[in-house]
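Undergrad: Handing you this structure, nothing more for now.
Just so you know, all these numbers are worked out from the coordinates, no wet-lab data involved. Keep in mind it's a predicted model, so treat the numbers as computed, not measured. Backbone-built Cβ (ideal geometry, glycine too); neighbour counts: all protein chains shown.
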Amino acid sequence: MSKLALYGGAPVRTKPWVSKYMGSEELGEEEKARVLKVLEKKRIFRYFPAGLEDSECSALENEYKSFLNTKYALAVNSGTSALVCALVACGAGPGDEVIIPAYTWVATAAAVAMLGAVPVLCEIDESLTLDPQDFARCITPRTKAVIVVHMRGISAAMDEIMQIAKEHGIRVIEDAAQANGGVYKDRMLGSIGDAGCFSLQQAKVITTGEGGMLVTDSEELWQRAVLYHDGAGYQFRFSERKIPAFPGQNYRLTELQAALSLGQLEKMPSILAQTKSNKKKIVQGLKNQTKIKLAPVFGTDHDLGLSLIFYVENGEKARAAAEALTAEGIQAFQVYDGVSNDQHIYINWEFLVNKADPWGGHYPWSLTPEAEIAYDENTCPRTLELLNRAVQVHLNQMVTDEDIEDLLQAVDKVAAHLL
Ligand SMILES: *Cc1c(COP(=O)(O)O)cnc(C)c1O
């Protein structure tokens, strides 16, 4: 076995590893034409009464409805906005608790806290998604909703989660920001819970720079979300309002972004076919590598193949393996290293750890029995332990068979020396 590049040996490859971006890598003539068409129309705001039905935003909503097979869709300006609207739609607010996984983008927690509900952290399991058993443990009489996050393109255990939620009368919001286009047992992610939320920010599967989508089968939830996304615009969306009025925000999506997103949506199936097939090859290739561990869900149809994560014996080995892989030309990192400020890990959400609100106080914790709640190393120790010994490599649709060979060779080499 040749010497590790980390110690001066020849690296497996010298070519840079692929970028972590996906949809934006595909931007081309079609998207240009779609955006130019909007400029030529000079109709860049969505809710002009003329042409309301064939606005770009309406077209995008229609595509999501048919793509996901849901009754309603609402285009918004970010994934965070979609989560906020979904929480408002479900009635989550002051006095409520909302269960979220300890591993998700910080926006999931911030959306809950900004509405005055208390985020309750739930452990993830090795699938990187909500652990159903721990979810059950987190439920109290104040639990209003759970936000299930399909992290890194991996479908959470929806059957178990839906069953538990149903037994306790809890609303289920799917955060599919990282799993646009994912499936779970023949159902599209985002269409299984009470509401599904997507992000179209650049780090996601497809992108329009900034943007989001909310889907639901409930007319009531949809009307409430519409009301919140635009304090006045609901009058354009339904002739009969079936819910009482309340104040809204402005979370509207622009026509330019919607047009750009339509082009991206068209390309999504082929992007995902490629990432899924790549991931299957990688997982197959790592099957006999006994020094690392993969979750059973990795490389299955419940995994979009957006990144490779594997587990090693302990955090020290994970750090060493990530360093050594990077030296071999495969850019890798330890998911939780206790140093970098990765905002996907709850312990790095400073406002939550301090229970801090924007006004120098501790709202909403100060108003409820949750004043006692703590967010520290002991809140979700299993999540931290798991992520501490997790090594991650970004993947995308540009990964070639040659890249896969390099990756497998580098993992074997590093495993033989260090694991
Ligand atoms: C990106 C992301 C969000 C927020 O989406 P934005 O469009 O950036 O507001 C929410 N949840 C998860 C899991 C994400 O990855």
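Undergrad: Report the dimensions of region 268-418 along its three principal axes from the alpha-carbon atoms, largest first, rounded to Å.
TA: 56, 39, 25
Undergrad: Taking neighbour Cβ counts within 10 Å as the exposure measure, how do Arg319, Arg171 sort from fewest upward?
TA: Least to most surrounded, the residues fall as Arg319, Arg171.
Undergrad: On to the next question. How charged is the neighbourhood of Lys317? Take every other residue with its Cβ under 10 Å from the Cβ of Lys317, and add Lys/Arg as +1 and Asp/Glu as -1.
TA: Computed value for this residue: +1.
Undergrad: I'd like the antiparallel share, as a percent to the nearest 5, of DSSP beta bridges with both residues in the chain.
TA: Of the beta bridges lying entirely in the chain, close to 60 percent run antiparallel.
Undergrad: Please report the spacing between the Cα centers of region 325-382 and region 149-163 in Å, no decimals.
TA: So the two Cα centres are separated by 22 Å.
Undergrad: Using amide H atoms built 1.01 Å from N in the peptide plane, name the residues 5+ places from Lys291, or on other chains, whose amide H lies under 5 Å from its own.
TA: Distant-sequence amide H within range of Lys291: zero hits.
Undergrad: Please order Tyr363, Tyr234 by the number of other Cβ within 10 Å, starting at the fewest.
TA: The fewest-first ordering by Cβ neighbours comes to Tyr363, Tyr234.
Undergrad: What is the local net charge at Leu128, summed over the other residues whose Cβ is closer than 14 Å to its Cβ (Lys, Arg +1; Asp, Glu -1)?
TA: Every neighbour counted, the sum reads -4.
Undergrad: To the nearest Å, what is the center-to-center distance of region 183-198 and region 104-146, using C-alpha atoms only?
TA: 18
Undergrad: Rounded to two decimals, what ratio of Rg to Rh does region 29-266 give with C-alpha atoms and a Kirkwood Rh?
TA: Details: Rg = 17.2 Å, Rh = 17.8 Å.
Ratio value, two decimals: 0.97.
Undergrad: I'd like to verify something in the chain: which complete DSSP H helices, judged by Cα projection on the helix axis, reach 24 Å or more and average at least -1.0 on the Kyte-Doolittle scale?
TA: Those that clear 24 Å and a mean of -1.0 are 255-285, 401-418.
Undergrad: Next question. Taking Cα centroids, how far is region 276-313 from region 55-70 in Å?
TA: 33
Undergrad: Between Asp342 and Lys185, what length comes free when the chain is fully extended (0.36 nm per residue of separation minus the Cα-Cα distance, one decimal in nm)?
TA: 53.4 nm
Undergrad: Moving to a separate point now. Out of all Cα-Cα pairs in the chain, roughly what percent, to the nearest whole number, are more than 43 Å apart?
TA: 13
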